[in-house]
Ligand SMILES: NC(=O)c1ccc[n+]([C@@H]2O[C@H](COP(=O)([O-])OP(=O)(O)OC[C@H]3O[C@@H](n4cnc5c(N)ncnc54)[C@H](OP(=O)(O)O)[C@@H]3O)[C@@H](O)[C@H]2O)c1
């Protein structure tokens, strides 16, 4: 099968397309014939291992010292079940599924093994018939992570919610989910993404290049910081956000806490998608053969929503 192998940490060119044998499932795993993946913020971080010293050391203990112990990266998959392990009960050959494979990775390949059961870092669900594999790959990352942070806001109908970093994978998901919870949503992004965030249903969009939301008279019941680590001074942001929170207002950041992945999040998102209340945001698509190009683009930090990888099978 086609597979992208990462033999050392480094720039996008460390990702090499190879031919490898198909993986063999454990008794509780399914083999997914993969049609689409995504290049996420987490993927580029794992590939580059570009982290501050202490966090970088902890990362290498878990993922691998000089190279990833699991050389096929890729967290997100969308495909058809090819075969199942002998104890698998809920899935069968031919089921169309998608999900998040956590630290097992393996989704930059034609086939991968996924545990039937949800773990704290992986899950798979049946894909709705009217969601394409590419759309499924574009909703999975934000779809498993954003709900965990939105739950911290305990958002009630009519509450004012601000999403900072509204045009990214987390942000585009969070804007749509907060709208579906009945909130009045303000999105914050740069000039070129204002129209995109409006199109996702945001009631108001603030262009951070023109206006500082922390200086406004508006008060918010919940602020979610969805800007990746390293782009802004996070400590300072938290302090500044307190000024624009209502008396019982809450703040959460995607860089705090360890999200627990739940299949339930994707199942709820599937229902919204089927009702037309949630859309996949795809910025660019690349065939798996151009994975290094896709990583280069995500490395720019300027992607909108999601970058999808497509896998053709002979
Ligand atoms: N806690 C965890 O366990 C966990 C797990 C996975 C991921 N994460 C975090 O999630 C990140 C990936 O998120 P993502 O995929 O949604 O990122 P993304 O798609 O790259 O989105 C980035 C967002 O931040 C905005 N932004 C970029 N630079 C900015 C700046 N200087 N000031 C204000 N806004 C700025 C972008 O808006 P414009 O482009 O319009 O500027 C965009 O809305 C990772 O990098 C990691 O930090 C955390």
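No lab work stands behind these numbers, since they all come straight from the coordinates. Predicted model, so just to flag it, every value in this text is computed and none were measured. Glycine also receives a Cβ, built like all others from the backbone with ideal geometry; neighbour counts cover every protein chain displayed.
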(message) Counting each pair of different Cα atoms once, what's the Kirkwood radius of the chain in Å, rounded to one decimal?
(response) 19.9
(request) For a footprinting-style exposure proxy, rank 246, 253 by other Cβ within 10 Å, fewest first. (result) 246, 253
(request) Just subtract the alpha-carbon distance of residue 275 and residue 195 from 0.36 nm times their residue separation and send over the number in nm, one decimal. (result) 26.5 nm
(message) Can you give the Rg/Rh ratio of region 236-284, where Rg is from the C-alpha atoms and Rh is the Kirkwood radius?
(response) 1.12
(request) Sticking with the crude label model, points 7 Å out along Cα→Cβ, report the distance from residue 120 to residue 89 in nm, one decimal please. (result) 2.4
(message) How many angstrom lie between the Cα centre of region 172-251 and the Cα centre of region 30-94?
(response) 30
(request) Work out, in µm²/s and without decimals, the Stokes-Einstein translational diffusion coefficient of region 69-227 at 10 °C, 1.306 mPa s, Rh from Kirkwood over C-alpha pairs. (result) 92
(request) Calculate the translational D of region 144-253 in whole µm² s⁻¹ from Stokes-Einstein, where the hydrodynamic radius comes from the Kirkwood formula applied to all Cα pairs, the temperature is 20 °C and the viscosity 1.002 mPa s. (result) 159
(message) Angle check, please: helix 133-151 long axis (alpha carbons) against the longest principal axis of the chain (alpha carbons), in degrees 0 to 90, nearest 10.
(response) 50
(request) Would you kindly compute the Cα radius of gyration of region 82-126 and its largest Cα-Cα separation (Dmax), both in Å? (result) 10.2, 26
(request) Could you calculate the contour length gain from residue 268 to residue 22, that is, 0.36 nm times the residue separation minus the distance between their Cα atoms, to one decimal place in nm? (result) 85.4 nm
(request) For helix 263-275, report the angle its Cα long axis makes with the longest principal axis of the Cα atoms of the chain; keep it between 0 and 90° and round to the nearest 10°. (result) 70
(message) Quick check: pseudo-label points 7 Å beyond the Cα along Cα→Cβ at residue 7 and residue 239, how many nm apart are they?
(response) 4.8
(message) As a test, work out the antiparallel percent of DSSP beta bridges whose residues both lie in the chain, rounded to the nearest 5.
(response) 60
(message) Please report the projected area of region 244-314's Cα convex hull averaged over all directions, in nm².
(response) 8.6
(request) Tell me the label-point distance for the pair residue 61, residue 313, using the 7 Å Cα-to-Cβ offset, in nm and rounded to one decimal. (result) 4.0
(request) Set the Förster distance to 41 Å, then compute FRET efficiency between residue 48 and residue 152 from the Cβ-Cβ distance, nearest 0.05. (result) 0.90
